[in-house]
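Reading through the structure tokens given below for one structure.
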Amino acid sequence: MKKHRKILKTFLKEVRTEHQLLQKDICEFTTFSQGYISRLENGKTDCSIRALNRIVEGLGHKLVIKIKRK
């Protein structure tokens, strides 16, 4: 599994558990399908930065992207 998928998977599951949300609750404020949220949570698909931002902000967090030099 790609590292970024694992990070998103962990984030989604932790925040959903913390706030006692179901996948369908996330679907309501993001307008994404439950299948899409499920694939993200299971590390089976990628998402755009725009989609990621909708999810993160909908869960009450802020998306910060940091680019480092090698």
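Things worth noting here:
- Unmet requirement for SER48, which otherwise passes all of (1) open to solvent by less than 70 Å² (accessible area, probe 1.4 Å); (2) under 23 Å from MET1 (Cα atoms); (3) at pLDDT below 95; (4) touching a helix residue (DSSP H, G or I) at 6+ places or on another chain (Cβ under 9 Å): (4)
- Within region 45-70, no residue that is closer than 25 Å to GLN20 by Cα and touching a residue at least 12 places away in the same chain (Cβ under 8 Å) sits with its Cβ atom under 7 Å from a residue that is open to solvent by 50 Å² or more (accessible area, probe 1.4 Å) and of a type in the set (Ser, Thr, Tyr) at 6+ positions apart or across chains.
- Of all residues in region 17-36, those satisfying the criterion of being in a helix (DSSP H, G or I), closer than 22 Å to ILE65 by Cβ and open to solvent by less than 50 Å² (accessible area, probe 1.4 Å) are ILE26, THR30, TYR36.
- Failed item in (1) over 14 Å from ILE7 (Cα atoms); (2) loosely packed, with under 10 Cβ neighbours inside 10 Å, with VAL64 passing the rest: (1)
The values are calculated or read from the model by the stated rules, or taken from the named source; none is laboratory data. Not measured: the values here are computed from a predicted model. FYI the Cβ positions are ideal-geometry reconstructions off the backbone, even for glycines, and counts take in every protein chain you see. Only protein heavy atoms, including side chains, enter the accessible area calculation; ligands, DNA and RNA are left aside. Shrake-Rupley method; radii C 1.70, N 1.55, O 1.52, S 1.80 Å.
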